[in-house]
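Encoded as structure tokens, the structure appears first; notes follow it.
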Amino acid sequence: MTASWIPNLVPFPVLLPLLGAALTLAFRRSPHLQRAISISALTGVVAVAALLVVEADSHGPQVLWVGAWREPLGIALVADRLSSLMLLVSSIVTLLVLIFAIGQGQANDDDETPVSIFHPTYLVLTAGVANAFLAGDLFNLFVGFEILLFASYVLITLGGTVLRIRSGTTYVVVSLLSSSLFLVAIAGVYAATGTVNLAQLSIRLAGINPAVALVLQLTLLTVFCIKAAVFPMSAWLPDSYPTAPAPVTAVFAGLLTKIGVYAIIRMQTLLFPQSPLQTLLLSAALLTMIIGILGAVSQTGLKRILSFTLVSHIGYMLFGIALATTHGMAGAIFYVVHHITVQTALFLISGLVERFAGTTSLDRLGGLAAAAPVLSILFFVAAMNLSGIPPMSGFLAKIGLLQAGVEVGTPLAWVLVVAAIVTSLLTLYALAKVWSQAFWRSQGEARAAAIATARVDDEDDDAYDFELTLEAEMEAAQQAALVGGTPVAVATRQRPLSRMMKGATAAMTATGLVIMLAAGPLFAFTQRAANDLMARDPYVTSVLPQAVRH
Amino acid sequence: MAYLLLLHLIAAVAAPGLVKVLRTKAFPVLALVPGIAFGWLLFVGADVRAGHGPAEHTMWVPGLGLDLDFRVTTLSWVLGLLVSGVGALVLLYCTWYFDDDDPSLWRFTSVFTAFAGAMLGLVLTDNLLILYVFWELTTVFSYLLIGHNPASSTNRRAAMQSLIVTTVGGLAMLIGVIALGVRHSYSISVLLADPPPLDSITIAGILLLLIGALSKSALVPFHFWLPGAMAAPTPVSAYLHAAAMVKAGVYLVALFAPAYASMPGWQVMTLGLGLFTMLVGGWHAIRQHDIKLLLAYGTVSQLGFMIAIAGLGTKTAALAALALIISHGLFKSTLFLTVGVIDKSTGTRDVRELSGVGRALLPLAIPATLAGLSMAGIVPLAGFVAKESAMDALAKAAEGGGLGPAAYGWVAVVALVAGSVLTVAYTARFLWGAFATKPGVARTAVTMPHPGFIAVPVLLGVGCLLVGVLAPLESEWLMPYAASVPTGETPASLALWHGLTLPLLLSTLAIAVGVGLFAIRDLVGRAQSFVPPLIDGERGYVRALRGLERGAVGTTALTQRGSLPIYLAAILLVFIALPGVTALARGGVQTVRLWDTPAQAVVGVIMLAAAVLVLFTRRRLTSVMLVGATGYGLSMLFILHGAPDLAITQMLVETVALVVMVLTLRRLPTKFTRHPHSPARTWRIGLGVATGVSVAAIALVSAGARRRLPVSADFPAEAYSFGHGQNVVNVTLVDIRAWDTLGEVSVLVAAATGIASLIFVRTRSTRLAPARAQQPPSGTSGRGRWLLGGHTVRKEKRSVIFEVVTRLIFHIMIAVSLYLLFSGHNEPGGGFAGGLVAGLALVVRYLAGGRHELDEAAPFDAGLVVGLGLLVVTLSALAPLAFGGTILESTVLDLALPPWGEVHIVTSVFFDVGVYLIVVGMMLDAVRSLGTGIDRQTEQEQGDEQTRQHEGTTR
């Protein structure tokens, strides 16, 4: 039997960061204290999350009815295998990114990440992420989303440059729309069932008119697919993420879309287990993979390439979910864990590249392999991991999904297997291009090429105007300077990398290797988690020990 | 065996450090690693031959079928010896190939060692998925090795080409691996001992494996990557061509041939493509001027040969295939290493420039010639023995009808002979090109290489001879593999002399014609230039990539428009098409009660009218007002429903929103810039209407589906008995669903910070400038009478009445806000509403007396208030834990406070106080940012303007 105080720990991943946010606001004039507070709060969350993983695995879901209200009146927080695992991974990621951000802030004098704004907001963001994972209540899930979204609105526009505000607008407006639709969905769910508790919904939704349940399911699915950036509702992502400060982009890319994926997993298994919508979801997964990765192939900015691979690989996770089998679900969960870590690592690396070379545009980068060997190794390892090169975590995650797809074996499932393979190849291609240009090509060659491109750009301005992305615009000014003045300008913005930034990035990259080494137990864990999800049973009985009968 | 691989890994990780200390002397140390593997394999050789080679099993990811299974069979033993032996020798050779000051040495040593390890793992594993793991690893490492000198764009392209081509094959193979594994087993020994029934998916799976093998072994149409791969340093080429990488494909074919060679499609791919590749490779080889490139095409040709024989699937062929693999490994490594020495010593590899090198480098020329003769298949070298038995195997298969109609078999034999002719011809060209003293060509200057540099090729060249001479012994060791093949008769032992057989005749013919072909090479060369390239894989590759890039750009241009309205439209279309249409189509008709009281209808009409009018207004202020009207209408509806709490809150929120919007509008143009009647607008209106209809349909449909009582039915009773309050709304907010409120106030904290961030950009805390400290601007008279800050406002903007009213109501508003806060538990109100009232009081002060008046009214930092509020909220959530309760649990405190007597406090009020503080802080932030902050910006701009005008006039 689990210790009685354990359930009281469940809200701590939310409360600790909020407490930290309060304190960092209060001690607004002392950056040192703020850093110490933030790091302690997030370290605490990692510890609690680890404990919850162990408890959820050995003693079943940990449930807390907040305020000791009797079920099903209040709000339940639930840490089952899936949510505690998500919590653990996300807390490790947020902690490492925080360390990176602190490193960047300390090395910076130009206030790109203003401490007194960054710290409280970042902590609120992590509280929101934790809340979303722990919510055992549909409305509270909405609240969790709102917390992290509002914090993300602040972070994405940090520094208030024209570019950030413009791309922030895309992000904010799309998020607001999705929140409104979420409210519509919640209203519909409550109207139809009279409850928002997930466990109770799991029972009650089965009893209503299936057509209405389908309407509600589709509404929720639309909302979560926006968050997860599923095609055709994915275009906002590559237009908004790349301009934010590096640590912000890293944590957004790693985490925020996965919360959408988490929500899809939860609703598909807990609320609508009888309606897998396999064809619809598989088709969406297919389009997301292929169109996403074609986007990555077409880009010339590192951050945008990574953003497109992010969209594309959401398709993998959706593939696993759509199969609606235990293996598919386990594969999807494993992929989420892998992808959170690898995508964050890659964005942190692109932050290092930007800092080191002053740009992330492939047209102008060059010679990094010779100039920055450590950075190169980190990029190469992470890039190969994302491309699913064995034996790293990306490969293992991919194998899990492919096996699940082959097991299902329907024609559409086979199409998805092939599409996943093609996506994998094109990911490798897109990242190998980055490697070839930014890391292998010599700096002199890069300079010559940059000047040539700049001239061409001058000549036909509107030839590819969609390509004149935000990132490109950002470069445009520098390129203009390049053409007019001395080509040496490429190198002038180089800044040394702080040890803290490198350390955090290396740790983030190494997490992928740790997942590889611990893949046996971890995969077994995701399989148990998937079993729980498919059976629904430990979840519902833990949350509602009495109500299950009626 | 896992330890051997681990050793390679450790060596690869340690190599950079080793290189730092030892420079090129690190190579002999690293060579020990594959050397140890070689030694161990020799040691277990007898066991393997006896049929009980060592086997290991380590769990890795059992859930995925990924287990580290290793075993040594005769096939893997032979390949393992080749991989580790040649690997060790090549590493040794590198000691003299590289210079001490080569800056990329750390990278090279590490990757090369890892590559050797991956190759060894590939041939030793018994798990098909693990085989794939090593397979891809060799791809990635070879990518890095081929791109060893990345400054040249040709090298980068070659590396990319090999990566993409072999990965295409590899990934195709992965599908096959998984298809086999999921449906049968990942264990190679199980798949061989107990082949699954050949249904279409199994056949497809095996053929996909073959595609992987063909791409790795550079068969047509994948052949073009291998010649490109000679961009790698020569030792890498030697290893890549002789023992590693390309041999993986041959290994895979040889591995599966015993059980699957008779499967439909198999022979087409191995024998058909194999022999065709043999011809294509040879054809290209005889026209090369670069001796390294010549060898590379030679390898393509030989790989085709090996795969054709390995895929035959008879006992004789199995024996021949192994003999071919060994002899090819020996002669090809010798020849490449020879080229490396020539290249280093003379600085060229061009047959038109090399002359007299054979005499100058006699110790090198001898082993190279041995190897060359072995390649051409001349007695008594290893290559001769192997080729004899291969011809024998193919002829027997053709006779036996194992290859379909007899004609096919004989075509294959003819192709093989033709391939051998070409082999003899390019061998002659190589030996002549590298070593001959050519008339009319100046003698090439040769720097004498270090003896160690030559030692390795000498050793390997002698190997070619030894293996040939000891052929019967060799065949004894190889026989167990042949015995594992079910079809065909037990082969004769490998030997130099079988009598006057058909193969011998064919060989002799091939040698004669080949030498003849070499003799008339100029004529052949001219003839070749008239033959158009039949299959140009490279052009196909380039075209495919170009098509891909173009397609990618096109698709992205279509989907990634960079336009927010389009993104929103896409989302709304999905919303309309999925839940909307489903609700409309399948929801069923509900009886709808339009209103309870006519007043609701009136309010509804007003709201609708306001919403429609918004579409037609061009002034921003008007549209804000109209949207506000819908909000106020909503609060009216709440009142009509008997929900005063919601109504108050909604009213206050609407007011705050209006004030904030108006403050913001000061910085925006008064009118929208859009055209009122553009087609896009019509479109958007249509989309909006459809969205509205969908939402309405969803609402109607779901409301009609209710079967059970809502949980809120129990709220009033529970709120009183457990939450100790009569105001259900407030108890819900601060107790039942206090966790939601906690989240929502965090949202406010983030929002407040965000507003401050956007306006002040760099810092959360603002400078305060209270009115008392301000000098009145010129044109105002003395101190303000009613408000302290009045004097700081320009005269034309001051309103005495407003100041008086403000003076009168400010404290009342604050009092009301506190009342709302503390009475909220039983009466309408609560911390949120109270905070909004207090905030509005501050807004009033600001509007009446300007920013200095605001700083006078609230002489504290907004961020601090927000922070304190959040602190109070969080601590009151945690506090019950200290008393053995649970998070956010509330209780009643009865305190005796002397002036009031007995006081009855529900602990959730502390939570509400925190909420109050956060709301006040957020309002203060909003006014400070959007009021004060924008004031400052405007003043600054006006100041700049004035300065500019001033400067203008002085000039």
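Per-structure values
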item: Carbon and sulfur %, accessible surface of segment A:219-349 computed with the full protein complex present, 1.4 Å; result: 70
item: Pairwise FRET efficiency - B:Thr555 versus A:Leu517, Cβ, R0 = 45 Å, nearest 0.05; result: 0.75
item: Accessible heavy-atom area order of B:Asp100, B:Asp935, highest first, probe of 1.4 Å; result: B:Asp100, B:Asp935
item: Calculated P(r) of segment B:797-922 - Cα pairs past 27 Å, %; result: 30
item: Residues of type lysines that B:Lys332 reaches as a straight line, Cα spacing below 24 Å, ignoring anything fewer than 8 places off in the same chain; result: B:Lys216, B:Lys247, B:Lys292, B:Lys344, B:Lys387
item: Over segment B:139-257, relative contact order from alpha-carbon pairs under 8 Å, at least 6 apart, %; result: 33
item: Buried area at the A-B interface (accessible, heavy atoms, 1.4 Å probe, summed, Å²); result: 10900
item: Average accessible surface area per residue within segment B:136-220, 1.4 Å rolling probe, Å²; result: 26
item: Solvent-accessible area lost in complex, 10 Å² minimum, residues of segment A:32-79 relative to chain alone, 1.4 Å; result: A:Leu64, A:Val66, A:Gly67, A:Ala68, A:Trp69, A:Arg70, A:Pro72, A:Leu73, A:Gly74, A:Ile75, A:Leu77
item: B:Ile211 accessible area, 1.4 Å probe, all protein chains in place, Å² to nearest 10; result: 60
item: Net charge, B:Leu66 excluded, C-beta distance under 13 Å - Lys, Arg +1, Asp, Glu -1; result: -2
item: B:Trp106 - accessible surface, heavy atoms, 1.4 Å probe, Å² rounded to 10; result: 80
item: Peptide A:287-299 - average C-beta neighbours from other chains (10 Å radius); result: 4
item: Residue-span extension gain [B:Leu500 to B:Lys438] - 0.36 nm each, minus C-alpha spacing; result: 18.6 nm
item: Positive-end residue, segment A:1-82 charge dipole about Cα centroid, Cβ charges, pick of A:Gly20, A:Ala47, A:Pro31; result: A:Pro31
item: At least 10 Å² of accessible area lost relative to the chain alone, listed for segment A:14-30 with a 1.4 Å probe; result: A:Val14, A:Leu15, A:Leu18, A:Leu19, A:Ala22, A:Leu23, A:Leu25, A:Ala26, A:Arg28, A:Arg29
item: Global geometry of segment B:596-708, whether rounded, prolate or oblate, following the gyration tensor of its Cα atoms and the 1.5 cut on a/c; result: oblate
item: Cα gyration tensor shape of segment B:98-173, rounded if a/c is under 1.5, else prolate or oblate by comparing a/b with b/c; result: oblate
item: Degrees separating the helix B:291-310 axis from the principal Cα axis of chain B, which is the longest one; result: 90
item: Cα centre as origin, Lys/Arg/Asp/Glu Cβ charges: the protein assembly as shown dipole, Debye; result: 2280
item: Segment B:373-491 - convex hull of alpha carbons, volume per residue in Å³; result: 131
item: Residue among B:Pro196, B:Leu209, B:His148 farthest towards the positive dipole end of segment B:105-230, charges placed on Cβ; result: B:His148
item: At least 30 Å² of accessible area lost relative to the chain alone, listed for segment A:403-422 with a 1.4 Å probe; result: A:Gln403, A:Val406, A:Trp414, A:Ile421
item: Computed label-point distance, nm, for sites A:Ala50 and B:Ala815 using a 7 Å Cα→Cβ extension; result: 5.7
item: Furthest towards positive pole of dipole, B:Gly65, B:Ala544, B:His223, structure part the protein assembly as shown, Cβ charges; result: B:Ala544
item: Accessible carbon and sulfur surface of segment B:382-470 relative to its total accessible area, %, 1.4 Å; result: 74
item: B:Trp595, A:Trp69, ranked by accessible area, largest first (probe 1.4 Å); result: B:Trp595, A:Trp69
item: Accessible area (Å², per residue) of segment B:1-61, counting only protein heavy atoms and a probe of 1.4 Å; result: 54
item: Heavy atoms of A:Leu218 accessible to a 1.4 Å probe, total area in Å² rounded to 10; result: 10
item: Exposure ranking of B:Tyr916, B:Tyr93 by accessible area [1.4 Å probe, largest first]; result: B:Tyr916, B:Tyr93
item: C-alpha long axis of helix A:278-298 to longest principal axis of chain A, angle in °; result: 10
item: Accessible area expressed per residue, segment B:477-589, with surrounding protein chains retained (probe 1.4 Å, Å²); result: 58
item: Mean Cα-pair separation over length for chain B, i.e. relative contact order, pairs under 8 Å, 6 or more apart, %; result: 8
item: Net dipole in debye of segment B:628-690 [+1 Lys, Arg Cβ; -1 Asp, Glu Cβ; about Cα centre; nearest 20]; result: 540
item: Dipole magnitude of segment B:656-725, debye to nearest 20 (Cβ charges: Lys/Arg +1, Asp/Glu -1, about Cα centre); result: 560
item: Loop-located trypsin sites (Lys or Arg not before Pro) in segment B:566-650, at most 10 other Cβ atoms within 10 Å (DSSP); result: B:Arg593
item: Prolate/oblate/rounded call for segment B:22-166, Cα gyration tensor, a/c under 1.5 rounded; result: oblate
item: Test item: A:232-241 mean partner chain Cβ contacts at 10 Å; result: 5
item: Peptide-level mean, for A:145-157, of C-beta atoms on other protein chains within 10 Å; result: 5
item: Net charge of neighbours whose Cβ lies under 15 Å from the Cβ of B:Ala371, counting Lys and Arg as +1 and Asp and Glu as -1; result: +4
item: MRE, 222 nm, helices only [DSSP H, n ≥ 4, -39500 (n - 2.57), over chain B, to nearest 500]; result: -23000 deg cm²/dmol
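The values are calculated or read from the model by the stated rules, or taken from the named source; none is laboratory data. The structure presented is a predicted model; accordingly, all values stated were derived computationally and were not measured. No Cβ is skipped: glycine too gets one built from the backbone with ideal geometry, and neighbour counts run over all protein chains shown. For accessibility, only protein heavy atoms count, side chains too; no ligands or nucleic acids. Shrake-Rupley method; radii C 1.70, N 1.55, O 1.52, S 1.80 Å.
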